[in-house]
Structures are given as C-alpha cells and as structure tokens.
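What follows is one structure encoded as structure tokens, with my remarks underneath.
The values are calculated or read from the model by the stated rules, or taken from the named source; none is laboratory data. If you're wondering where the values come from, they're calculated on a predicted model, not measured in any experiment. Cβ atoms come from the backbone with ideal geometry, glycine included; neighbour counts cover every protein chain shown. Accessible surface areas use protein heavy atoms only, side chains included; no ligands, DNA or RNA. Shrake-Rupley method; radii C 1.70, N 1.55, O 1.52, S 1.80 Å.
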Amino acid sequence: MISFETFYRNEYRAMLGMARALAPDTTVAEDLVQEAFITTHRRWDQVSQYDSPRAWVRRVLINRATSLRRRLASELRALARVGPADATPPDLSVETSEVWSEVHRLSRRQQQAIVLHYVGQLSMVEIADVMGCSQGAVKSHLHSARESLRTSPAAWDEELL
C-alpha cells in the first residue's frame, strides 16, 4: 500500500493542472486541490484500498469545483441585485488565456469533459467515472464543446492545453 505522502507528491501537479483549468484564479485552484487532498487524507485508510485512488481524488476535485462554481454564481446574482460586480481577469498565461476564456463559457459538463480529457489526459472510461455519466455522454460533451470552441474567436490548439 502506498503512503498518503507519496500519493500526494505523485498526484499534486496533475490535480493542480486540472484545478487551474476549472478555476482560473491560481489561489482558488490551489485551495481546491488542498481541500480535495485533505478529504482524501481523512479517508486514506479506505481510499488507498480503491482500485484507483487517483480517480477518487479527481472526483472530489471536480465536485469541489462544481460547488464553488455554484456558490460563486449565487454570489454574483446576489451582488447583481445590490450593485455591479468587480470582474477579475483570469490569472492565466498569455498563450492560453483566450482558449481558457472560451472554455469557461462552455456549460459546466462540457468544461469538465474538456479539462479531464486535455489537462487530465484521462480515457473516456475514466472521464465517465469521474463525471458520473456514460462514455457516450462524455463523447457528446466533448463533441459539443469542440464544436463551440471551433466557432469561437480564440484559436483552438490542443498543444496550448
């Protein structure tokens, strides 16, 4: 059985990459990853026995990002009622900011599929498991996302992801 410390060291960068794609602010992404790993650490005796602890922590990360997105949307609606919101630009490199701006305009499920596929480099089976849907649904989300991105002003280049 692998120790949690080793698992953390091996998986942190990959999880941070996915979180950065889901939450454009670096600090928020780091917080999401830390929360996912804290949850994993608390349940490590059980999680370490799973066939893929990596898949489990990815699922936790996606769930945390989804909760954050919902909470932020709710806060933005509340702020809109009381006054204009202060828009903070994403903290991304120049090369990828246009592409990720377009990705952030996709639906939540399309965004998750794109992140898991291109950043996480997961297979369709793994993406379906993380997202809790069928492989066909994953393919549909990816296809729709690619079509939306193909017609967007930003140049779509897989190498930028």
Counted residues in segment 1-26 being of a type in the set (Asp, Glu) and open to solvent by less than 40 Å² (accessible area, probe 1.4 Å) come to 1
Against the condition outside any loop (DSSP other than H, G, I, E, B), in contact with a Leu (Cβ under 6 Å, 6 or more places away or on another chain) and closer than 28 Å to LEU72 by Cα, how does ALA29 come out, does it pass?
no
Flag if ARG70 is open to solvent by 50 Å² or more (accessible area, probe 1.4 Å) and at pLDDT 90 or above
no
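Select from segment 102-160 the residues that are acidic (Asp, Glu) and part of a helix (DSSP H, G or I) and write down the one among them that is modelled with the lowest pLDDT.
GLU159
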With (1) under 15 Å from ALA19 (Cα atoms); (2) of a type in the set (Phe, Trp, Tyr); (3) at pLDDT 85 or above as the list, and TYR50 as the residue in question, which single condition is left unmet?
(1)
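Over 14 Å from the mean Cα position of the chain (by Cα), within 25 Å of ILE114 (Cα to Cα) and in a helix (DSSP H, G or I): does that describe ASN10?
yes
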Tally time: how many residues in segment 21-55 are touching a Ser or Thr at 6+ places or on another chain (Cβ under 8 Å) and without any contact (Cβ under 8 Å) to a residue 12 or more places away in the chain?
1
Report, by residue number, each residue of segment 102-126 that is aliphatic (A, V, I, L, M) and closer than 11 Å to ILE62 by Cα.
ALA113, VAL115, LEU116
